[in-house]
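The values are calculated or read from the model by the stated rules, or taken from the named source; none is laboratory data. In this text, all values refer to a predicted model and were calculated from it rather than measured experimentally. With ideal geometry, Cβ positions are generated from the backbone for all residues, glycine too; neighbour counts draw on all protein chains shown. All accessible areas refer to the heavy atoms of the entire protein, side chains included, with ligands and DNA or RNA removed. Shrake-Rupley method; radii C 1.70, N 1.55, O 1.52, S 1.80 Å.
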Amino acid sequence: MSGYLSKMEDQGFEELIMIHDPSCGLKAAIAIHSTVRGPALGGTRMWSYPSEAEAIDDLMHLARGMSYKSAAAELPLGGGKGLIIGDPNRDKCKELFCSYARAVNNLNGRFYTGKDMGVDEEDLTCMHNETDYVIGGETIGSPSPFTAYGVWKGIKACAEEVYGSPGLEGKVIAVQGVGSVGEALCRHLAEEGASLIVSDLDRQRVKEIQEQLGAKAVDPDDIYSQECDIFSPCAAGGVVNEETLPRLKCKIIAGAANNIYKSKEMGKAIEEQRILYAPDYVINAGGLIFVEMRRRGITDKEEIKTEVARIDGRLKELFRRVREERLLPGEIADIMAEERMQLR
Ligand code: NAD
């Protein structure tokens, strides 16, 4: 654990909590990056990492990312993340989640958590018995339709920046991944008259979208080389890289996936290829906005959609600053989030 206090100082962390419960063997950690804007919010994952150092580094990286995402969405929230160390397929038991939930409860509302990798509805139900600081489960519903709605609005803001009009009629949009967000996004796009090209590892999902929305289906690897206006990654991260970028023929990259590209150099390379990039955590914040509004007891879908639609204005402001300050969209996104966290 050496050097973690310095890392916390460098990255502006408030708390790093290590939890051990000998009665059930729980080993867990919670990272609270910032509570400047409000309580830290972030999912809890159950995962087995090759080493403790990698686990804590990843936890801190994810917690910090949540602060930026909340600030970018102008929510009264900070960022945090929880981790239960273990293999979700082998080590899960009720006692583990109850014990972890008691640790969350001891933070007295400085950290709200929900589902992440390796944690399911049943685990959340266990945690609910011990603490009110758990959000999610059937009681609040799925955030995915709201993420998709925000991505659609964000794509329109990108179209306005590049083509001078937010209209998507006749635009060719390649959507990678038609899971819960990608599918809902395709429906918004098709309704507006866009031409869709879709890919997914799950052929059945592709077939449904093809039949219902008249989309053209391509093999997963072929999505990168399609002639299109907009490439919308809605599957995994890291999909824009040295190998795929030269194949892209689009003018805009805007999708729901987190960490669409991984290195700063790639952000520059995207710009050099004259492609406009919508920063992932700005455009995909619709689900987080939904979760926060539900946390505050707001249930009216139209009210939530109105709030999610503000992603359009945030992207327009971001692109204006990109032009004026001659920085990359990803850099301006970080600056705007840091301003909102009073780090600048
Ligand atoms: P999902 O699991 O429902 O759907 C992902 C789909 O992508 C699946 O159908 C999967 O088969 C497909 N896929 C995976 N790898 C692929 C590849 N290489 N090529 C083509 N298809 C591939 O997930 P989701 O909830 O729709 O989320 C999609 C992305 O958006 C993820 O990166 C997620 O982290 C991000 N995101 C989701 C939300 C949300 O509210 N669900 C919010 C913010 C960000």
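Values as computed for the structure displayed
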quantity: Only one of 131, 113 that is at pLDDT 90 or above and either more than 17 Å from the chain's Cα centre (by Cα) or in the same structural domain as residue 229 (by TED's automatic domain parsing) (or both); calculated: 131
quantity: Positions within segment 40-62 being of a type outside the set (D, E, K, R) and open to solvent by 30 Å² or more (accessible area, probe 1.4 Å), in sequence order; calculated: 47, 48, 49, 50, 51, 53, 61, 62
quantity: The lone exception for residue 23 - which of (1) assigned to a loop (DSSP other than H, G, I, E, B); (2) under 23 Å from residue 292 (Cα atoms) it fails; calculated: (2)
quantity: Filtered residues of segment 214-229 (kept if assigned to a helix (DSSP H, G or I) and open to solvent by 30 Å² or more (accessible area, probe 1.4 Å)); calculated: 220, 221, 222, 225
quantity: Filter result (part of a loop (DSSP other than H, G, I, E, B), away from the ligand (no atom under 16 Å from the Cβ) and not β-branched (Val, Ile, Thr)) within segment 106-150; calculated: 107, 108, 109, 110, 129, 130, 132, 133
quantity: Wholly enclosed helices (runs of 4 or more DSSP H) of segment 230-303 bearing at least 1 residues in contact (Cβ under 8 Å) with a residue 12 or more places away in the chain and within 16 Å of the ligand (Cβ to nearest atom); calculated: 280-283, 286-295
quantity: Flag for residue 243 being farther than 25 Å from residue 42 by Cβ and open to solvent by 80 Å² or more (accessible area, probe 1.4 Å); calculated: yes
quantity: Single condition residue 154 does not satisfy, out of (1) within 27 Å of residue 33 (Cβ to Cβ); (2) surrounded by fewer than 17 Cβ atoms within 10 Å (Cβ to Cβ); (3) of a type outside the set (Lys, Arg); (4) touching a helix residue (DSSP H, G or I) at 6+ places or on another chain (Cβ under 9 Å); calculated: (2)
quantity: One residue from 256, 285, 278 being open to solvent by 10 Å² or more (accessible area, probe 1.4 Å) and among the aliphatic types (A, V, I, L, M); calculated: 256
quantity: Hits in segment 60-73 (condition: under 15 Å from the mean Cα position of the chain (by Cα) and either assigned to a helix (DSSP H, G or I) or farther than 15 Å from residue 280 by Cβ (or both)); calculated: 61, 62, 63, 64, 65, 66, 67, 68, 69, 70, 71, 72
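Each row is one residue, and each column tells you yes or no for (1) out of contact with any Leu (no Cβ under 8 Å at 6 or more places or on another chain); (2) more than 25 Å from residue 303 (Cβ to Cβ); (3) not assigned by TED's automatic domain parsing to the domain that holds residue 316.
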{"site": "159", "(1), (2), (3)": "no, yes, no"}
{"site": "169", "(1), (2), (3)": "yes, yes, no"}
{"site": "175", "(1), (2), (3)": "no, yes, no"}
{"site": "180", "(1), (2), (3)": "yes, no, no"}
{"site": "188", "(1), (2), (3)": "yes, no, no"}
{"site": "192", "(1), (2), (3)": "no, no, no"}
{"site": "200", "(1), (2), (3)": "yes, yes, no"}
{"site": "206", "(1), (2), (3)": "yes, yes, no"}
{"site": "216", "(1), (2), (3)": "no, yes, no"}
